[in-house]
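Colleague: Encoded as structure tokens, here's the structure I'll be asking about.
The values are calculated or read from the model by the stated rules, or taken from the named source; none is laboratory data. Given the structure is predicted, the values throughout are model-derived calculations rather than measurements. Positions of Cβ are backbone-derived with ideal geometry, glycine not excepted, and every protein chain shown enters the neighbour counts. Accessible surface is based on the protein model in full, side chains and every heavy atom, while ligands, DNA and RNA are left aside. Shrake-Rupley method; radii C 1.70, N 1.55, O 1.52, S 1.80 Å.
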Amino acid sequence: MDAKAPGPATRTISLPDEGVEALFGAYDENLRFIESLANVRLSTHGPDLVVSGDPLAVARVEHLVGRLLALQKDGYRLTNGDVKTAADLLAQDPSADLRDFFLKSALRPGGGRRTVNARSLNQRRYIEAIDRADIVFGIGPAGTGKTYLAMAQAVSYLLAKRVSRIVLARPAVEAGEKLGFLPGDLQEKVNPYLRPLYDALYDMMDGERADRLIERGTIEIAPLAFMRGRTLGDAFVILDEAQNTSSEQMKMFLTRLGLGSKAVVTGDITQIDLPAGRTSGLIEAIGVVGGVEGVEFVSFDERDVVRHKVVQLIVRAYEAYSSRGPGARGQESPA
């Protein structure tokens, strides 16, 4: 006679008097997220949280809540997104150490002004790779924190005097537009392309301080073309939107690195704006320097997206669409 599958289980978790608001989230959105992720039912009963469902799922949720409560007891203040991040982490790796993840991977790029935390295992790997390697490629879709975390690391390195300057570069290629057709002088022409780098920088440190460092040349934000013929020593260099580099530009950039320098190259190979027939320098670099000592690659996917939840779904939808053949895509039509 076959053994019957175990029936639903119920566990009651006692909660502390303080901190439950952060644990539950606004309008209990964290509880709803955990319910959806683990396929359990959560309810509150006085000071307790009641978990009902499949015994294994209930045990996983009990483990998650226990780890989050331990974090709070250690003095960590849960913020919006931390519960979802922790749930995703444990879903990917049940043995993940949340205390190590949240307490040891925090960056304080603005000298304590704010804290930047990894929000996924890949983001944690990315931060560690930047510390460890000379050149790191961060490749993945929009919203995965590639540029933001690289900027946080760069500012942290600068303020800790581990480098003497930051150099930020982007190729001036956007959906076929050319600089000559834009109004204004050269600086006014390139500023729209560099705006995302300015935005990330000003989010890391006080605007006046950032402006002073830019005026002194301690922080340089420039089009990639300005890097030709230079040697970038004792610098933290970020090349953003690298999928829009040509083969020649990528080789030129990678050979600019001088002594005491570190480089991070970010890009999304699904959003290439180069003219038809041109090879992306980023795609070529994956095959050319993938085995070079001191160079590391970190890949991101939709699970690492830290923007609105719908962005994850959009990224996933485009990946599914791209995986189908041209014939199958051409036969589809809106309902």
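Colleague: Report the net charge of residues surrounding A59, where surrounding means a beta-carbon distance below 15 angstrom and charges are Lys +1, Arg +1, Asp -1, Glu -1.
Modeller: Charge balance in the 15 Å sphere: +2.
Colleague: A follow-up question, please. Let me check I've understood the local charge: for S261, count other residues with C-beta under 12 angstrom from its C-beta, Lys and Arg +1, Asp and Glu -1. What total comes out?
Modeller: My count for the surroundings of S261 gives +3.
Colleague: With label points built 7 Å along Cα→Cβ from the Cα atoms of Y202 and A26, find their separation and express it in nm.
Modeller: Calculated label separation equals 2.3 nm.
Colleague: For the pairs K84/K146; K84/K161; K84/K262, note any where the Cα-Cα span goes beyond 23 Å.
Modeller: K84/K161; K84/K262
Colleague: Let me ask something else. Give me the percent of the accessible area of the range 9-152 that comes from carbon and sulfur atoms, probe 1.4 Å, all protein chains in place.
Modeller: 46
Colleague: Moving on. What does the net charge come to around I238 if you take all other residues with beta carbon closer than 13 Å to its beta carbon, with K and R at +1 and D and E at -1?
Modeller: +2
Colleague: Find how much the distance from D97 to V292 grows on full extension, using 0.36 nm per residue of separation minus their present alpha carbon separation; answer in nm with one decimal.
Modeller: Answer, rounded to one decimal: 67.1 nm.
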